[in-house]
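These notes are about the structure you will find just below.
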Amino acid sequence: MTRPRPPADPAADRLLRAPVFVLSPVRSGSTLLRVLLNSHSRIHAPHELHVRRIAVTLTTDPVRQAMEAAGHRTSDIEHILWDRLLHRELVRRGKEVLVDKTPSNVFAHRRITTCWPDARFVFLLRHPASIARSWHEADPRARPMDEAVRHTLQYMRHLEEARRRHEGIDVRYERLVDDTEGELRRLCAWLGVEYEPAMVRYGDKEHGDFVKGIGDWRDKIRSGRVQPGRPLPAPGEVPEALREIAVAWGYL
């Protein structure tokens with residue numbers, strides 16, 4: 001497969017301008033951040049869209065010949081499709097800023113910036129031990145703690161790689177729930193929009209159904225109001241495998 005490449009003609013090949021991607025591990029509060037942002041009159045933050053998993057197949061020699069003659073690789077066509085899907089989401093809501101928060105995008109941050117060279121990133125951080133514990137508690141039988149640590153650490157490592165590679169803004173889950181207005185004001189300033197007090201009361205707005213597989217669906221997010229976070233783990237409670245990332249993120 002040929003290497004994905006940036007748009008040959010950004011003005012013609014991209015409809016979406018400066019899309020925003022929340023990069024985070026699972027169980028980091030990304031659905032909460034989504035609905036808070038989606039409550040803004042100018043920001044549309046849909047449920048997880050998983051566009052990186054949308055692929056194009058050219059099934060015949062004539063279509064492959066036609067696309068080659070038009071200057072398109074398969075990945076070019078995928079990028080056009082991704083862009084069209086996200087742009088459609090934005091236009092249908094009549095808003096100006098598109099925010100996608102699919103956690104698995106941490107594994108595709110390089111492809112995202114290839115598709116949208118003007119992409120912006122919000123890095124959503126949470127205490128690594130809290131992430132693993134939350135993932136474990138969501139299904140303790142299927143996800144023993146050791147497995148939860150291993151699984152969530154993959155997300156954390158890719159997120160840290162993205163933080164080192166790309167410019168963006170850090171948002172900490174703990175601050176988001178402790179000082180929601182303050183964090184939203186800071187984030188709105190970075191996004192270039194005015195803070196709106198209604199953002200905090202996300203339960204007053206329509207955000208679609210909370211469905212497993214495309215976001216959080218549990219009682220806390222369904223409550224319509226920001227819930228307190230759990231106490232931070234003591235240093236001795238942090239699994240050894242998570243200590244390095246906890247140091248990098250300033251939790252140890």
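The values are calculated or read from the model by the stated rules, or taken from the named source; none is laboratory data. These figures come from a predicted structure and were not determined experimentally. Every residue, glycine as well, gets a Cβ built from its backbone with ideal geometry; the counts of neighbours run over all protein chains shown. Ligands, DNA and RNA are stripped out before the accessible areas are found, and what is left, the full protein with its side chains, is counted by its heavy atoms. Shrake-Rupley method; radii C 1.70, N 1.55, O 1.52, S 1.80 Å.
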Largest-first ordering by accessible area, 1.4 Å probe, given options D204, D170: D204, D170
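How much of the accessible area of the range 158-197, in percent, comes from carbon and sulfur atoms when a 1.4 Å probe is used?
Carbon and sulfur atoms account for 38 percent of the accessible area of the range 158-197.
What is the dipole size for the chain, taken about its Cα centre, with +1 at each Lys and Arg Cβ and -1 at each Asp and Glu Cβ, in debye to the nearest 20?
Details: 42 positive and 35 negative charges, 33 e Å.
Around 160 debye, computed over the chain.
With +1 on the Cβ of every Lys and Arg and -1 on the Cβ of every Asp and Glu, and nothing else charged, how large is the dipole of the range 151-236 about its Cα centre, in debye rounded to the nearest 20? Mind dumping the intermediate values first?
Numbers: 16 positive and 16 negative charges, 66 e Å.
Its charge dipole is roughly 320 debye.
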Orientation-averaged projected area, Cα convex hull of the range 1-50 (nm²): 5.4 nm²
DSSP H segments from the chain that extend 27 Å or more along their own axis, Cα-based, with Kyte-Doolittle mean of -1.0 or above: 74-93
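With N residues in the range 81-158, what two-decimal value do you get for its Cα radius of gyration over 2.2 N^0.38 Å?
Against the compact-globule rule of thumb, the ratio is 1.39.
Would you rank W217, W116 by solvent-accessible area, highest first, keeping every protein chain in place and using a 1.4 Å probe?
Details: W217 80, W116 0 Å².
If we order W217, W116 from most to least accessible, we get W217, W116.
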For the chain, with +1 on Lys and Arg beta carbons and -1 on Asp and Glu, the positive-most of A119, P6, L159 along the dipole: P6
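Normalised by the empirical 2.2 N^0.38 Å for globular proteins, what value does the Cα Rg of the chain take? Walk me through the intermediate numbers first.
Values: Rg = 19.1 Å, N = 252, 2.2 N^0.38 = 18.0 Å.
The chain yields a ratio of 1.06.
For the range 80-201, what is the charge dipole size about the Cα centre, in debye to the nearest 20, if Lys and Arg each add +1 at the Cβ and Asp and Glu each add -1 at the Cβ?
Details: 23 positive and 20 negative charges, 78 e Å.
Roughly 380 debye for the range 80-201.
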Cα centroid separation, the range 207-252 to the range 183-205 (Å): 21 Å
Loop-located GluC sites (Glu not before Pro) in the range 203-252 whose Cβ has at most 10 other Cβ within 10 Å (DSSP): E206
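With all protein chains present and a 1.4 Å probe, how do H79, H166 order by accessible area, largest first? Intermediate results must be reported in sequence, preceding the final value.
On the way: H79 0, H166 30 Å².
Reading off the accessible areas and sorting them downward yields H166, H79.
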Cα-Cα P(r), the range 176-252, percent of pairs per 5 Å interval: 3, 12, 15, 16, 17, 19, 13, 6, 1
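Write down the accessible area per residue of the chain in Å², having rolled a 1.4 Å probe over the full set of protein chains. The partial results should precede the final answer.
Values: 12950 Å² over 252 residues.
Here the per-residue accessible area is 51 Å².
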Ellipticity estimate at 222 nm from DSSP helix runs (n ≥ 4, -39,500 (n - 2.57)) divided over the chain, nearest 500: -13000 deg cm²/dmol
Aspartates and glutamates with Cα under 15 Å of K95, excluding same-chain neighbours fewer than 8 positions away: E194, E196, E206
